[in-house]
Amino acid sequence: MQKTIISVKNLTKKYGDFEAVKGISFDVMEGEIFGLLGPNGAGKSTTLEIIETLRKKTSGEIFVDGMNLDKRPNDIKKIIGVQLQAAGYYPGLTLIELVQMFAGLYNKKIDSLELLDSVNLRDKAKNKFKQLSGGQKQRFSIATTLINQPKIIFLDEPTTGLDPQARRNLWDLILDIRSKGTTVIITTHYMDEAEFLCDRIAIVDAGKIITLDTPDNMIDNLVATGFERPKQVKNANLEDVFIHLTGKDLRAE
Ligand SMILES: Nc1ncnc2c1ncn2[C@@H]1O[C@H](COP(=O)(O)OP(=O)(O)OP(=O)(O)O)[C@@H](O)[C@H]1O
């Protein structure tokens with residue numbers, strides 16, 4: 001049977017008088033890719049940051065790998081990986097130096113080149129972060145979430161602003177990370193991404209979960225109401241043309 005690795009119960013968050021998260025509950029199973037979808041301002045980042053122990057909740061209960069967030073935040077920090085904002089990276093250091101620095105902070109011995117290799121950045125080891133393309137930056141920041149060999153990683157809109165190849169490449173990377181047993185929680189604004197990657201999705205709107213299910217069930221439920229999409233007249237779209245012409249494989253970006 002699948003084990004629950006994150007349990008969120010009746011979570012609320014107020015910023016002053018404004019209630020950004022209004023009593024949401026969900027469980028994440030070990031080894032799944034769980035998506036939080038919702039419009040801007042729905043409360044996704046706030047929810048993630050609370051589970052990541054980076055933001056205080058107003059009320060509710062959270063358990064991560066059986067640990068109560070109120071009682072053992074430091075133990076929770078040890079088993080999670082959080083994607084940092086790019087601005088947080090020391091500009092003078094190379095990728096390999098950054099990885100070594102993070103490993104030192106976590107007190108972990110890791111093979112830095114192998115880690116960079118796992119995100120296809122071995123040949124950029126001596127480059128500085130600012131010299132990377134958008135896709136490479138995202139891959140590097142995902143690599144940094146893996147340094148402490150976490151059980152769970154949190155990715156907040158990891159593919160925003162990337163071109164189609166770089167996005168697909170990142171999807172493969174995320175699937176690869178999950179295939180090694182890591183649980184992934186991801187927020188995204190891209191529906192195709194959520195449909196492709198996520199085992200289950202919670203749709204959040206105005207601080208509440210309005211539905212939680214597999215993408216397939218959500219679509220089937222909508223179709224069962226009689227909903228029908230306007231018929232597609234062509235068997236391909238512009239993205240297909242773009243990918244077909246420029247190639248699927250990772251390039252120098
Ligand atoms: N530090 C803060 N102080 C006051 N209000 C905040 C703060 N952080 C977020 N909010 C508000 O809380 C609401 C939820 O914000 P949050 O960033 O969690 O949404 P989100 O779903 O992640 O949105 P996006 O998709 O745009 O990232 C928004 O209305 C936002 O303006």
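The values are calculated or read from the model by the stated rules, or taken from the named source; none is laboratory data. For clarity, every value in this text was computed on a predicted model and none was experimentally measured. Virtual Cβ from ideal backbone geometry, glycine too; neighbours counted across all protein chains shown. Accessible surface is based on the protein model in full, side chains and every heavy atom, while ligands, DNA and RNA are left aside. Shrake-Rupley method; radii C 1.70, N 1.55, O 1.52, S 1.80 Å.
Of note:
- When each of Thr188, Thr214, Thr160 is tested for being over 30 Å from Asp117 (Cβ atoms) and either touching a His at 6+ places or on another chain (Cβ under 7 Å) or among the polar types (S, T, N, Q) (or both), the lone residue that passes is Thr214.
- Checked against (1) free of Cβ contacts under 8 Å to residues at least 60 places away in the same chain; (2) not assigned by the TED database to the domain that holds Leu170, Leu84 passes all but condition (1).
- Check on Leu173, at pLDDT 95 or above and not hydroxyl-bearing (Ser, Thr, Tyr): no
- Residues (closer than 30 Å to Tyr15 by Cα and open to solvent by less than 100 Å² (accessible area, probe 1.4 Å)) located in segment 204-251: Val204, Asp205, Ala206, Gly207, Ile209, Thr211, Leu212, Asp213
- Of the criteria (1) away from the ligand (no atom under 16 Å from the Cβ); (2) buried (at least 17 other Cβ atoms within 10 Å of the Cβ); (3) modelled with pLDDT under 95, which one Val28 fails: (3)
- Within segment 95-105, the presence of a residue that is away from the ligand (no atom under 15 Å from the Cβ), outside the structural domain of Gln136 (by the TED database) and either surrounded by fewer than 13 Cβ atoms within 10 Å (Cβ to Cβ) or more than 30 Å from Ala125 (Cβ to Cβ) (or both) is excluded.
- Qualifying residue in segment 15-25 (condition: closer than 30 Å to Asp172 by Cβ and surrounded by 14 or more Cβ atoms within 10 Å (Cβ to Cβ)): no
- Exclusive hit being assigned by the TED database to the domain that holds Leu54 and surrounded by fewer than 20 Cβ atoms within 10 Å (Cβ to Cβ), set Asp123, Asp111, Asp156: Asp156
- Looking only at segment 38-73, and only at residues there that are open to solvent by less than 10 Å² (accessible area, probe 1.4 Å) and assigned to a strand (DSSP E or B), the one that is farthest from the ligand (Cβ to nearest atom): Val64
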